[in-house]
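J.: Would you mind keeping the following structure in view while I ask a few things?
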Amino acid sequence: MSNSPAFASEKHDMTNDTFNFNANDRANPAYYDPSQTAFLLLDFHTMFVHHSEPSASLAVAVAAKFKTWAESRGILVIHALIDTTKSPFPTCKDATRYSTIMSVMESSNTAIEPAELLGDGQEGNLTFTRQAGHISALKSPGLMQLLAEKGIKSLVLAGLSTAGCVLRTALQATDEEFVVTVIKDGCADAKEGLHDMLMDNILNGRGYIVTADCFQKRYEETRNLR
């Protein structure tokens, strides 16, 4: 087992809200100040929301509320999306299918995010996009550089879908030695059983799985932000 701070101890029950927020543990999200923490909104394209209903609308509502809280606490908020104007990279499997989906998103105006996540509008939101076929948001050009420049060590994730961008971003992020927390009620998948399985059996082995309300309450208490 790696000693990297990216790996949360598997002794914790990380699929519920009882794990210990510990400001003295480098592998724990509570160790890091808001200035060292970023909240990533992953692939909340309107088309993906429609595809994963009804759970996706609930995830959007949770993510929007968490975004407002994060901004109020000085946590960096980043929107991570697919660049629907570009073709998939040449060696991408199912490139034709990806291209078709991107074309439909563009023509139907469903590449945009729900209004709840944009606040006063897209302008002013920090957004990174990546080429279709790249699933992890960390493949977005410039994103890793920004995180390094800002001194970000802890990533909090919410998005669509659990089996897609959330999973792949979380796995890459832990390999990049970030502490990773997934907001479980801020994510959704078209296959609800798959969402639950990934949260309970895969993602909990690489990071922390917690509800939005619990993270906010316990993070504030541990870091004395109230």
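J.: Here's a check for you: in the stretch 166-184, which residue that is surrounded by fewer than 20 Cβ atoms within 10 Å (Cβ to Cβ) and not aliphatic (A, V, I, L, M) is nearest to Pro54 (Cα to Cα)? Break it down stepwise before answering.
T.: The initial filter retains those residues of the stretch 166-184 that are surrounded by fewer than 20 Cβ atoms within 10 Å (Cβ to Cβ), namely 168, 171-172, 175-177.
From what is left, the residues that are not aliphatic (A, V, I, L, M) are 168, 172, 175-177.
Numbers: Arg168: 23, Gln172: 28, Asp175: 32, Glu176: 33, Glu177: 34 Å.
Among them, the one singled out is Arg168.
J.: Something else: Is it fair to say Asp213 is more than 20 Å from Lys67 (Cα to Cα) and part of a helix (DSSP H, G or I)?
T.: Against the criterion (more than 20 Å from Lys67 (Cα to Cα) and part of a helix (DSSP H, G or I)), Asp213 does not qualify.
J.: Let me ask something else. Does Gly186 meet the test of being farther than 29 Å from Ala95 by Cβ and at pLDDT below 95? Full working, then the answer.
T.: On the way: farther than 29 Å from Ala95 by Cβ: yes; at pLDDT below 95: no.
When the stated conditions are applied, Gly186 does not pass them.
J.: For the stretch 19-43, which residues satisfy the criterion of being of a type in the set (S, T, N, Q), over 14 Å from Glu177 (Cα atoms) and not in a helix (DSSP H, G or I)?
T.: Listed by number, the residues that qualify are Asn20, Asn22, Asn24.
J.: Can you name the residue in the stretch 147-165 that is touching a residue at least 60 places away in the same chain (Cβ under 8 Å) and part of a helix (DSSP H, G or I) and is also surrounded by the fewest Cβ atoms within 10 Å (Cβ to Cβ) among such residues?
T.: Per the stated criteria, the residue is Lys150.
J.: Against the condition more than 27 Å from Asn24 (Cα to Cα) and in a strand (DSSP E or B), how does Thr181 come out, does it pass?
T.: no
J.: If you go through the stretch 64-107 one residue at a time, how many are of a type outside the set (Ser, Thr, Tyr), surrounded by fewer than 16 Cβ atoms within 10 Å (Cβ to Cβ) and assigned to a loop (DSSP other than H, G, I, E, B)?
T.: 6
J.: Okay, moving on. Which residues, taken from the stretch 119-143, are part of a loop (DSSP other than H, G, I, E, B), out of contact with any Phe, Trp or Tyr (no Cβ under 8 Å at 6 or more places or on another chain) and at pLDDT 95 or above? Show your work before the answer.
T.: We begin by selecting, within the stretch 119-143, every residue part of a loop (DSSP other than H, G, I, E, B); these are 119-126, 132-136, 140-142.
With the extra rule that they be out of contact with any Phe, Trp or Tyr (no Cβ under 8 Å at 6 or more places or on another chain), the set shrinks to 119-126, 135-136.
Leu126, Ile135, Ser136 - these are the residues of the stretch 119-143 that are part of a loop (DSSP other than H, G, I, E, B), out of contact with any Phe, Trp or Tyr (no Cβ under 8 Å at 6 or more places or on another chain) and at pLDDT 95 or above.
J.: Give just the number: which of (1) in contact (Cβ under 8 Å) with a residue 60 or more places away in the chain; (2) over 12 Å from the mean Cα position of the chain (by Cα); (3) buried (at least 20 other Cβ atoms within 10 Å of the Cβ) does Glu192 not satisfy?
T.: (3)
J.: Answer yes if at least one residue in the stretch 108-128 is surrounded by 12 or more Cβ atoms within 10 Å (Cβ to Cβ) and in contact with a Gly (Cβ under 6 Å, 6 or more places away or on another chain), and no otherwise.
T.: No: zero hits.
The values are calculated or read from the model by the stated rules, or taken from the named source; none is laboratory data. In this text, all values refer to a predicted model and were calculated from it rather than measured experimentally. Virtual Cβ from ideal backbone geometry, glycine too; neighbours counted across all protein chains shown.
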